[in-house]
Structures are given as C-alpha cells and as structure tokens.
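A.B. asks: To start, I am sharing the structure in question, which I have written as structure tokens.
We did not get these values from a lab; they are worked out from the coordinates using the rules stated. Worth saying up front: this structure is predicted, and the values here are computed from it rather than measured.
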Amino acid sequence: MPRNARIFVAGHRGMVGSAILRQLQALGYENLLTCDRTTADLSRQAEVEAFFRDAGVEQVYLAAAKVGGIHANNTCPAEFIYENLMIECNVIHSAHQAGVQKLLFLGSSCIYPKLAPQPMAEDALLQGSLEPTNEPYAIAKIAGIKLCESYNRQYGRDYRSVMPTNLYGPNDNFHPENSHVIPALMRRFHEAKETCAPQIVVWGSGRPRREFLHVDDMAAACVHVMGLDEGTYQASTQPMLSHINVGTGSDCTIRELAETIGRVVGYGGEIVFDASRPDGAPRKLLDVSRLRKLGWQAETTLEDGLRQTYSWFLEHRGQFRD
C-alpha cells in the first residue's frame, strides 16, 4: 500500500493493535486511522457502518477483541462470544459495504481442538472438540475466519486471517484476575518480591506446554502477511482453509515459564504449583511452516521478551488498577 493509504487499525489501544500501529508508523505510513468508543462502538452495527462511510478506509487490521485468561473466559463466556462476534461481523461487513478490498483478521490459537496433533497445523481446524474453558471465545474466532473466507468467495475480497499463539508485551493486561498467564505471573512475582513473600502459588500442575510470541514480532508478521501479493497468499492457502499460524515454533512448560519470570523479576522465594486448579489444554504449539515458507519468522527470544516486558511494566506500574 502507498505510504499515504488510509489504514484503519481496529483495537489500537490494545496490546496487539498498539503494536501494529507502532510497526506501521515505523515503516512510514502517514495516514493511520483509529477510533475509540466515543467515535464508534465496534459492537454496534450502525456506528461502525457510519464510521466506514465517513472515514474513507482503504485497508483494515482487525485487532479489536475482548480477551482474557482462563478465569475470565470461565466467568464471562456470554460476553466473550457475544462481543467478539459483534465486533467481527460489524467491522468485516462494514468494510465490505464501504468497498475495502484488503483486511487482516487476527484470531487465536485456541481455535484448534483441545487434543489436536502437535504442532498444530492449519488443517487441524474443526477436526475435534475445543478446550471447554475458552470454547465460546474460540467459536467467535472461528466465525471470524469463516466470515473472511465467505466474503472472499462471494465478493472477491482479499480478507486474510492470522492465528497467533499466546502473545505478551507492552500494553498487555496486568489485571490480577482477568489477565493471561505471562502478565498475571509477572505482576504476582513482582508483588511477591516487593513484600518479601516466602512463596508464590501458580495455578495448575506446571506441566502443560505453551508457546509465547512477543507482540512486536506479531505486529511484524501481520504487516508481512498483508504485504504479500494476492497470488502468493492464495497459492499458500486454500479458499476454505485460508488462515496462517503465527508463532515461534517452540514451546516451554508453565513451570519453566514461571521459573524464567521469577528470574527476570528477581524473585528468590519458593514457587509452588496448585494441581487442583485447571491446566487447560496439555500442549499448544503451532506449526508455523506455512509462514516460514512465506519468508517470516520470529526474532525475539522468550527471556529477552520477558525482560523488555518487565521493564515496560515497571515504567507503567502506576496505571494498573486492582
């Protein structure tokens, strides 16, 4: 796209959207569009349609979503499926109505079955039962993929989907109950260090394996995928299986993650695992061979990324609410 193209980043205040915005700004894009709830509530159809009519959008990065960890998904399943479905439907359909030809939808690795073969390739989609703790959120993200594919098939749009693994980094949610595993543990280890707590209890057995990707790498991957010419993208995907996994291609146990965060934070107490708490899926590792063949791979190591994230956390600690 020309550097003066009108590119709408939906969800620009979130971790992923803000990273995409930074990436595009660093590449010299000059006409980036954003909106908050005072401009348009993305869950309300009329407001989204009006925004697209007036804004002259030429390209969309759809990073807006309601997100949260196991506790949040278990507690508020109705909000997770409803809000995500509404956002996706409104933005994708309004983009189509406004004549926007290119759009990138961001999903989640939770779209894959709980017991999918590891590493999880794109063709594992819809081949088994989902993890119950986040099934409503996963259903919404699967619907987003199928929305993009449907507008491509019926109207010839170029709407693409990327499925990131677990993300972390600047602007993450560090709420003590509603956050994902890395920010939740990072905050708890930091507070335990401050209070000289002798031990910290981590949910689950510590045995599940997870893959983690720094959000700045994710943003770079998004821009890379959007920059592929249409023929290359179509040759690497299928009309009814068009999404692309984005990850590092390597994983670690939750125990190893907790120990690394403890080391990064400088916490010297005991780490205890509460096996009575839910583990979630036993392993979630993405097969990223499709993306690597398209010329992109992650650059940030987990420990380096955690150190960068902890530095950001310390700089912004005062803004986090309990």
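A.B. asks: For region 73-134, what ratio Rg/Rh do Cα atoms give with a Kirkwood hydrodynamic radius? Don't jump to the answer; show the numbers that get you there.
C.D. replies: Working: Rg = 14.6 Å, Rh = 13.8 Å.
Rounded to two decimals, Rg over Rh is 1.06.
A.B. asks: Using only the alpha-carbon atoms, what does region 98-192 span along each of its principal axes? Please give whole angstrom values in decreasing order.
C.D. replies: For region 98-192, the Cα extents along the three principal axes come out at 55, 34, 22 Å.
A.B. asks: What is the ratio of the Cα radius of gyration of region 1-135 to 2.2 N^0.38 Å, where N is its residue count, to two decimals?
C.D. replies: Numbers: Rg = 16.4 Å, N = 135, 2.2 N^0.38 = 14.2 Å.
Dividing the Cα Rg of region 1-135 by 2.2 N^0.38 Å gives 1.15.
A.B. asks: Percentage of Cα-Cα pair distances in region 254-301 greater than 13 Å, rounded to whole percent? Present the calculation step by step, with values, prior to reporting the outcome.
C.D. replies: Working: 828 of 1128 pairs.
I get 73 percent for the Cα pairs in region 254-301 exceeding 13 Å.
A.B. asks: While we're on this one: Using only the Cα atoms, work out Rg/Rh for region 233-322, with Rh taken as the Kirkwood radius, to two decimals.
C.D. replies: Numbers: Rg = 17.8 Å, Rh = 16.6 Å.
Ratio of gyration radius to Kirkwood radius for region 233-322: 1.08.
A.B. asks: While we're here: How big is the C-alpha Rg of region 157-239 next to the rule-of-thumb value 2.2 N^0.38 Å, as a ratio? List each step's numbers first, then the result.
C.D. replies: On the way: Rg = 18.4 Å, N = 83, 2.2 N^0.38 = 11.8 Å.
Taking the Cα Rg and dividing by 2.2 N^0.38 Å, one obtains 1.56.
A.B. asks: Continuing with this model, one more query. From the P(r) of region 202-286, could you give the percentage of C-alpha pairs in the tail past 21 Å? Don't jump to the answer; show the numbers that get you there.
C.D. replies: Numbers: 1785 of 3570 pairs.
Tail of P(r) above 21 Å: 50 percent of Cα pairs.
A.B. asks: Report the convex hull volume per residue for the chain, counting only C-alpha atoms, in Å³.
C.D. replies: 127 Å³
A.B. asks: Pairs of Cα atoms under 8 Å, at least six residues apart: use those to get the relative contact order of the chain, whole percent. Walk me through the numbers on the way to the answer.
C.D. replies: Values: 601 pairs, mean separation 63.0, N = 322.
Relative contact order comes out at 20 percent.
A.B. asks: Further, regarding this structure: Along each principal axis of its Cα atoms, how long is region 1-81 end to end? Whole angstroms, biggest number first, please.
C.D. replies: Result for region 1-81: principal-axis Cα extents of 44, 29, 19 Å.
A.B. asks: Region 136-183 to region 1-59: how many Å between their Cα centroids?
C.D. replies: One Cα centre to the other: 16 Å.
A.B. asks: Out of every Cα pair in region 161-306, what percent are spaced more than 21 Å from each other? Kindly include the intermediate steps, with their values, before the conclusion.
C.D. replies: Working: 5178 of 10585 pairs.
Percent of Cα pairs beyond 21 Å in region 161-306: 49.
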